Each structure stands twice: as C-alpha cells, then as structure tokens.
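First the structure, in the form of structure tokens, and then the observations on it.
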Amino acid sequence: MKIVRKKSKKEDRIKVDPDKLNMGNTYSSPPEYYYDAEFDCKDCGSHEIWTASQQKWWYEEAGGYFFAVAVRCRKCREKERERKGL
Ligand SMILES: [Zn+2]
C-alpha cells in the first residue's frame with residue numbers, strides 16, 4: 001500500500017461543530033477547524049495520516065474524548081481489538 005503524503009491545504013480543513021464535542025472537564029475552547037494530522041503508529045512505526053474527516057467522525061459522531069489522538073494505524077487497531085477479544 002502506498003502512503004500519499006499530504007500537506008495541509010485549505011481544502012483539507014473541516015469546520016468543527018463545538019456543540020457536538022466531548023470536551024471533558026476542560027474549559028479551553030476547541031479549535032475552529034480540523035486539519036489532516038500526521039502521526040507514526042505506536043506499534044509498527046508506520047507513518048499515517050489521520051484525516052480531518054476521520055477526526056470529525058471520531059469526535060462528533062463516535063463521541064471520542066476531544067483530546068484523545070490517534071496512536072495506531074488501522075491494521076494495528078484491528079490487531080489490538082482481536083487481542084482484547086472484542
Ligand atoms: Zn501500525
């Protein structure tokens with residue numbers, strides 16, 4: 001699989017809907033936009049991109065805690081789920 005590196009461009013940003021965010025007990029205000037975020041998988045070291053639309057889904061639809069960030073690639077997340085027997 002080829003990983004395409006993307007630079008953050010204006011088109012890659014998605015507006016945050018602050019009403020849907022799970023901010024926990026923090027009073028800091030959320031950012032205005034999501035941007036594609038690059039990270040290295042904690043388990044296999046693979047360089048991944050957590051896209052703005054994936055972030056929006058995670059934070060606004062899945063109810064993910066706002067300060068949680070992606071640490072594993074999709075493959076390793078699946079492995080981790082299997083390991084936990086989910
Ligand atoms: Zn991985």
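Condition test on W50, is it among the hydrophobic types (A, V, I, L, M, F, W, C), more than 19 Å from K2 (Cα to Cα) and under 15 Å from the mean Cα position of the chain (by Cα)? Answer is no for this residue. Set side by side, the residues E60, E48 differ, and just one is at pLDDT 90 or above, out of contact with any Phe, Trp or Tyr (no Cβ under 9 Å at 6 or more places or on another chain) and not in a loop (DSSP other than H, G, I, E, B), which is E60. Determine whether segment 23-31 contains at least one residue that is within 16 Å of the ligand (Cβ to nearest atom) and hydrophobic (A, V, I, L, M, F, W, C). Looking through segment 23-31, none of the residues is within 16 Å of the ligand (Cβ to nearest atom) and hydrophobic (A, V, I, L, M, F, W, C).
Would you confirm, using the coordinates I've provided, whether E80 is among the acidic types (D, E) and either within 11 Å of the ligand (Cβ to nearest atom) or more than 12 Å from the chain's Cα centre (by Cα) (or both)? Yes. Screening segment 32-42 for residues that are within 12 Å of A70 (Cβ to Cβ) and surrounded by fewer than 18 Cβ atoms within 10 Å (Cβ to Cβ) and picking the one that is farthest from the ligand (Cβ to nearest atom) gives A37.
The values are calculated or read from the model by the stated rules, or taken from the named source; none is laboratory data. Remember, predicted model here, so these are calculated numbers, not experimental data. Here the Cβ is made from the backbone with ideal geometry for all residues, glycine too, and neighbour counts use every protein chain on show.
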